[in-house]
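Q: Before I ask anything, here is the structure I am working with.
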Amino acid sequence: MPRPTQNSCRQKVKTHMKRLIYLLLFCLPLTAAAQTIAVEAIVMDAQTQEPLPYASIYISNTNATITNAEGGFRIVCEAEDKIRLSFVGYKTKYILATEMTPVVELEPMATTLNEVTVLPIRSLLEKAIEENMKQFKDNRKQKACFFYRQTAFTDSVCYEFMEAFLGGNSALWLRNLALTKGRFAGIQPDSTHYYSFYSNFFITSQIQITPLHNERARKDDRYPLTKYYANHYDITGQWIGDGDDRLLAIHFSPKPTDQVVLEATLYFDANTLLLRKMEGKELNLVVKHKKMRMSEKSHKLMEAFGMEAYDEVFNTEFHFVVNMTEDRGFLEVQSVAIDEEHDLYDKTIVTSSVLFNIGDRKTGRGVRLDMGNNMQEEIARQGYDAKFWEDNEVVLRTPVEEAVMKLFEGHQLFGVFK
């Protein structure tokens, strides 16, 4: 075999270098196209400059989020991604990830008031009930994974922080929730600092608005989307916006009752009459408050301060905002936000939660959650998986939530609360 000369070796090197340069030049655009960036901004009302909580931030079915209670969001995406920002009753915006500004303003749609004689409200509602019930029945078995966050405050102090992943049926309204992953931490009560913890606050996210698919509508049903709605509600309606984004808003005012009932506004797409959003409050809910087990000394201390150490029952109301989506090809719940406030021992206690649909994501097998379940206990049985929670924020925490989470993590309170 002939031995390669110095010139032939140089020629081969030059050829390889040229190929390498061509390869690098060819790969540069691909590297730039695949660049990952983190986009963070606040979504606000263009007129009032107020933040818009729980607005939809969407790139794809596998990459989406919502704004937090202060209108802030963070999403990791590719540089060329186009982000859709939407909020029911506002004009939708599409913005390239690289062109996102720190503040995004959405324009509200115009509202037109209509008298009942002008707006055929009852016939429109009956048609809406028919269309939404069809969606519900056709997709009743559809499931989704949900991210859940819960906090509780008293005297401006956050004493409870919970995050979890839940599975459940998502068409039209939530049901059959199951816990797959969770973490919980709270400040331990003592004889001078008393805190109130909901054991099953998650249940308030399951706001039923229709009979079940296999149930016949009954005259005593207090759901807004049933043919007997007029037995329990007075309704008024108005149009919002115009064109393809036009909405029909119907307000349900409950007739006097001591039963659980909604006072709410439901927003329907004016073209399809499918539900887009509902907001209001659930009335006449009964909360049972049970004192923690305590020593005789603690019992006497509570009595000395005029505090009863026994069960209490009181009525309260839960404020809610529910957003819907069809991004997966059918009508389902996108997000649910709940707020409840009550006074206990001269303290005002505010408990809040937000739940967000993250689609088909798998986070493990679930433990079914019913009315009688204590979610904290179910989380404790699973144990705390610190590694899992290193990168599972999903919905941007508010500054207070972030500070509380880090405080509880720093004191290693997750997984140890009793």
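The values are calculated or read from the model by the stated rules, or taken from the named source; none is laboratory data. Since the structure is predicted, the reported quantities are computational estimates derived from the model, not experimental observations. Methodologically, a virtual Cβ is constructed for each residue, glycine included, from the backbone with ideal geometry; neighbour enumeration extends over all protein chains shown. Heads up: the accessible areas ignore ligands, DNA and RNA and are worked out on the full protein's heavy atoms, side chains in. Shrake-Rupley method; radii C 1.70, N 1.55, O 1.52, S 1.80 Å.
Q: Determine the sum of side-chain charges near residue 50: Lys and Arg each +1, Asp and Glu each -1, restricted to other residues whose C-beta is under 14 angstrom from that of residue 50.
A: -4
Q: Related question: How big is the shadow of the Cα convex hull of region 310-418, averaged over all directions, in nm²?
A: If I average the Cα hull's projected area over directions, I get 9.8 nm².
Q: Per 0.36 nm of contour for each residue apart, how much would the distance between residue 368 and residue 60 grow if the chain were fully extended, relative to their Cα-Cα spacing?
A: Once the chain is fully extended between residue 368 and residue 60, it gains 108.0 nm.
Q: Here's another thing I want to ask about it. Here is the link list: 143/281; 93/141; 134/227; 134/181; 91/127; 127/281. Which ones come out longer than 22 Å on Cα distance?
A: Result: 143/281; 93/141; 134/181; 91/127; 127/281 exceed 22 Å.
Q: With a point put 7 Å past each Cα toward its Cβ, work out how far residue 326 is from residue 400 in nm, to one decimal.
A: Inter-label distance under the simple model: 3.7 nm.
Q: Please give the FRET efficiency for residue 219 paired with residue 345, using the beta carbon to beta carbon distance and R0 = 41 Å, rounded to the nearest 0.05.
A: The computed FRET efficiency comes out at 0.45.
Q: Is the shape of region 118-182 rounded, prolate or oblate, going by the alpha carbon gyration tensor and its root eigenvalues a ≥ b ≥ c, with a/c under 1.5 for rounded and a/b larger than b/c for prolate?
A: Oblate is the answer for region 118-182, as a/c is 1.5 or above yet b/c matches or exceeds a/b.
Q: If Rh is defined by the Kirkwood formula over all Cα pairs and Rg also comes from Cα, what ratio Rg/Rh do you get for region 56-103?
A: Ratio of gyration radius to Kirkwood radius for region 56-103: 0.92.
Q: Can you give the FRET efficiency to the nearest 0.05 for residue 251 and residue 387, using r as the Cβ-Cβ distance and R₀ = 51 Å?
A: Working from the Cβ atoms, E equals 0.60.
Q: Over all directions, average the projected area of the Cα convex hull of region 219-270 and note it in nm².
A: So the Cα hull casts an average projection of 3.6 nm².
Q: Sort 275-285, 39-49, 394-404 by packing, meaning the average of other beta carbons within 10 Å per residue, with the highest value first.
A: Averaged packing, sorted descending, gives the order 275-285, 394-404, 39-49.
Q: Further question on the same structure: How much of residue 137 can a 1.4 Å solvent probe reach, expressed as accessible area in Å² and rounded to 10?
A: Its accessible surface works out to 90 Å², give or take rounding.
Q: Going by a ≥ b ≥ c, the root eigenvalues of the Cα gyration tensor, does region 173-298 fall in the rounded group (a/c under 1.5), the prolate group (a/b larger than b/c) or the oblate group?
A: Since a/c reaches 1.5 and a/b is larger than b/c, the shape of region 173-298 is classed as prolate.
Q: Test of the criteria: in region 127-232, which GluC sites (Glu not before Pro) are in a DSSP loop and have at most 14 other Cβ atoms within 10 angstrom of their Cβ?
A: Qualifying residues, ordered by number: 215.
Q: For region 333-380, take the convex hull of the Cα atoms, compute a quarter of its surface area, and give me that in nm², please.
A: 5.1
Q: In percent, what relative contact order does region 53-100 have, based on Cα pairs under 8 Å that are 6 or more apart in sequence?
A: 33
Q: Could you please report the charge total around residue 91, scoring K, R as +1 and D, E as -1 over all other residues with beta-carbon less than 13 angstrom from its beta-carbon?
A: -3
Q: Give the residues of region 261-276 whose amide nitrogen is closer than 19 Å to a point set 7 Å from the Cα of residue 91 in the direction of its Cβ.
A: From region 261-276, the list is 270.
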